[in-house]
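My questions all concern the structure below.
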Amino acid sequence: MTEDAGASRKPFLYVVVCAAGIAAGVEELIVAAQRRGWEVGVIATPVATGGFFDLAAVQARTGRIVRSAWRSPADPRPFPAPDAVAVAPATFNTVNKWAAGIADTLAVSTLCEAAGLGVPIAVLPCVSGALAAHPAYRDSLVRLRGMGVRFGDAYSGEPGPDGGRPEFPWTTALDLLGEP
Ligand SMILES: Cc1cc2nc3c(=O)[nH]c(=O)nc-3n(C[C@H](O)[C@H](O)[C@H](O)COP(=O)(O)O)c2cc1C
């Protein structure tokens with residue numbers, strides 16, 4: 001399994017995974033990204049690593065560790081610098097912390113830094129209607145959009161009129177980023 005920052009010939013995509021129930025399907029995004037020519041490294045929030053998705057399967061799929069904590073100062077950088085970042089699913093918590101600059105997880109810290117470096121970032125929120133109505137969340141979206149962050153449509157994860165849950169639009173994150 002690759003753990004060093006060795007030369008990567010393909011453009012490198014960070015997939016940031018937050019602790020939403022829909023995260024269980026994140027391999028769909030990873031596979032689609034790989035098919036489009038991205039090399040993928042996953043950074044998960046600490047909560048997301050606690051059973052929200054299959055860590056071993058994702059590590060096998062990407063050939064890399066899933067990062068959720070900072071490296072030790074003496075260690076090499078585990079991933080190359082990102083050419084783009086996809087945040088999917090993005091939680092209420094992470095979106096608000098990112099907009100406020102509260103970099104208390106590797107995931108949020110990475111997002112704050114990537115935005116500052118001008119790295120293209122696409123976000124697919126998974127936030128219930130009740131939480132999305134909070135004024136802090138609305139302000140966070142305005143702030144992040146103003147920083148150039150690209151957002152997919154709102155997705156609440158709540159059942160539609162037919163009782164079924166709409167599919168999460170994983171590949172929209174890649175469409176928002178364009179060609180690798
Ligand atoms: C089963 C389960 C599903 C959850 N789904 C969501 C969700 O879809 N969206 C969301 O914003 N929070 C959801 N949460 C709450 C988050 O996990 C919680 O706010 C957490 O602190 C988010 O941490 P993170 O943003 O660092 O990943 C869920 C929690 C649980 C236990």
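Give me the net charge of A122's neighbourhood, meaning all other residues with Cβ under 11 Å from the Cβ of A122; Lys, Arg count +1, Asp, Glu -1. Mind dumping the intermediate values first?
On the way: positive: R150; negative: D175.
Around A122, the charge tally is 0.
Return the sequence-ordered ³J(HN,Hα) values of the range 82-99 in whole Hz as given by the Karplus equation 6.51 cos²θ - 1.76 cosθ + 1.60 applied to θ = phi - 60°, using x for Gly and Pro.
These are the phi-based 3J(HN,Hα) values: x, 8, 6, 9, 10, 9, 7, x, 9, 8, 3, 4, 5, 4, 5, 5, 4, 4 Hz.
Rg to Rh for the chain: what is it, with Cα atoms only and Rh by Kirkwood? Present the calculation step by step, with values, prior to reporting the outcome.
Details: Rg = 15.5 Å, Rh = 16.4 Å.
So for the chain, dividing Rg by the Kirkwood Rh gives 0.95.
Here's a follow-up. Quick one: Karplus J couplings for the range 52-63, per residue in order, coefficients 6.51, -1.76, 1.60, θ = phi - 60°, nearest Hz, x for Gly and Pro?
7, 8, 7, 4, 5, 5, 5, 5, 5, 5, 8, x
Choose one answer from D54, D139, D162: the residue with the largest mean-square fluctuation in a GNM of the chain with alpha-carbon springs under 10 Å.
D162
Using a Gaussian network model on the chain with a 10 Å cutoff between Cα atoms, which of L131, L144, L117 fluctuates the most?
Judging by the Gaussian network model, the answer is L117.
³J(HN,Hα) across the range 155-169 via Karplus (A = 6.51, B = -1.76, C = 1.60, θ = phi - 60°), whole Hz, x for Gly/Pro?
Coupling constants for the range 155-169: 9, 9, x, 8, x, x, x, 7, x, x, 8, x, 5, 7, x Hz.
None of the figures in this text is laboratory data; all of them are computed from the coordinates on show. Note that the structure is a prediction, hence the values are computed from the model and not measured. Neighbour counts are summed over all protein chains in view; Cβ atoms, including those assigned to glycine, are modelled from backbone coordinates with ideal geometry.
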